[in-house]
Amino acid sequence: MLEAVHDGDDDGHVHPEEADATWTRPHDPAERRAAVERGVGVATAEALVDDHEVLDGVRPHVPHDAGERIDQEEAEQQRGGSEVQPIEETAQERGMFVVVTSAGFAPENERVVVGGLANRRVAGLIITPTSGDHSYLGRSPLRFPTVFVDRPPIQYDSDTVLADNEAGARVATMHLVGYGHRRIAFVGDRPHIYTTQLRYQGFRGAMLDAGVPVDDRLIRLDAVGTQNSTAAMTQLLDQSVTPTAVLSANARTSLGVVRALHQRDRTDIAHVSFDDFQAAESLNPPVTAIYQDPQRLGQRAAELLFDRLGGQTGPPRRVVLPVRLIVRGSGELSPPR
């Protein structure tokens with residue numbers, strides 16, 4: 001997702017024919033400060049996926065089937081809308097406006113979208129990345145501040161706002177251990193994704209600290225999207241060694257886990273979701289979740305961006321925000337005796 005604050009003379013849209021235009025528009029610090037004083041010419045880009053790049057307002061393209069893509073986009077849009085609101089409010093306070101556009105979930109779309117926004121007079125970008133290389137930002141003849149949200153940049157220095165992924169996974173795992181569980185499954189996204197790495201690391205660390213061995217037969221990674229995570233959880237239920245509890249690594253995998261548990265009428269299995277999702281409170285049992293505040297993420301990202309637009313210098317800043325456990329019922333089930 002990409003958000004961009006634009007000059008009032010611009011229509012604020014990213015036209016497809018301009019998306020791959022050369023980045024040639026000059027934008028030095030003095031010019032940027034003038035734009036801020038006029039309240040125009042600022043663009044923010046925010047990326048909002050457990051495993052894709054967003055630039056305030058831009059979501060990458062998902063190269064999955066249509067059903068899975070819809071599930072992923074619905075889960076991300078819920079959180080993404082909450083992140084965008086404080087960014088828009090911060091911009092409006094400064095007499096600016098934010099344009100939100102989408103690049104889908106595909107890493108290869110990120111550079112094209114950024115280039116298109118740069119040529120629409122963006123003054124800054126807020127990015128939730130999926131790309132594995134952001135060095136192209138440093139090679140651009142344009143210079144504008146960036147803030148990365150949810151995941152840090154790779155091969156590029158930038159201010160970053162993160163949730164405390166490892167600590168949240170530790171809390172969730174210890175919560176399940178505290179209810180007597182030892183056969184705890186982990187269902188996660190692609191293992192190379194920053195958030196998945198830290199959440200899996202937190203899971204394993206908590207199990208180690210509690211003296212509970214991690215059973216690799218209960219680990220499912222690469223469960224990308226709702227359909228794959230449904231299949232992964234179904235496999236766990238069908239094998240000889242079954243879990244009594246499961247930690248799902250993001251909202252999309254959580255939806256798949258819930259679907260599998262309900263299809264098999266196995267709501268006796270304890271479940272904690274890392275990331276809250278819209279239906280979590282309405283299910284039976286309601287889903288216990290690790291909550292990362294999307295509005296706070298967006299607010300801090302906007303604050304960092306406008307600090308830079310206001311002339312603040314210095315090394316890149318890294319802000320890690322705490323998460324919290326929401327107890328609802330599914331994570332408080334004890335294992336069978």
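The values are calculated or read from the model by the stated rules, or taken from the named source; none is laboratory data. Computed from a predicted structure; not experimentally measured. Because the Cβ atoms are built from the backbone with ideal geometry, glycine has one as well, and the counts that use them run over all protein chains shown.
In table form, for the structure just shown:
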{"quantity": "Lone unmet requirement of (1) surrounded by 22 or more Cβ atoms within 10 Å (Cβ to Cβ); (2) touching a strand residue (DSSP E or B) at 6+ places or on another chain (Cβ under 6 Å) for G124", "calculated": "(2)"}
{"quantity": "Hey, R296 surrounded by fewer than 20 Cβ atoms within 10 Å (Cβ to Cβ) and not in a loop (DSSP other than H, G, I, E, B) or not", "calculated": "yes"}
{"quantity": "Qualifying position, being of a type in the set (A, V, I, L, M) and closer than 16 Å to E303 by Cβ, among V149, V122", "calculated": "V149"}
{"quantity": "Residue within the range 80-94 that is closer than 30 Å to D222 by Cα, in a loop (DSSP other than H, G, I, E, B) and at pLDDT 75 or above present", "calculated": "no"}
{"quantity": "Every residue from the range 317-337 that is surrounded by fewer than 16 Cβ atoms within 10 Å (Cβ to Cβ) and in a loop (DSSP other than H, G, I, E, B)", "calculated": "R317, P322, V327, S334, P336, R337"}
{"quantity": "Candidates R317, R324, R259 - the one that is modelled with pLDDT of 95 or more, out of contact with any Lys or Arg (no Cβ under 8 Å at 6 or more places or on another chain) and more than 23 Å from Y200 (Cβ to Cβ)", "calculated": "R317"}
{"quantity": "Unique match (being at pLDDT 95 or above, closer than 19 Å to R190 by Cα, in a helix (DSSP H, G or I) and not assigned by TED's automatic domain parsing to the domain that holds V149) among S254, S273", "calculated": "S254"}
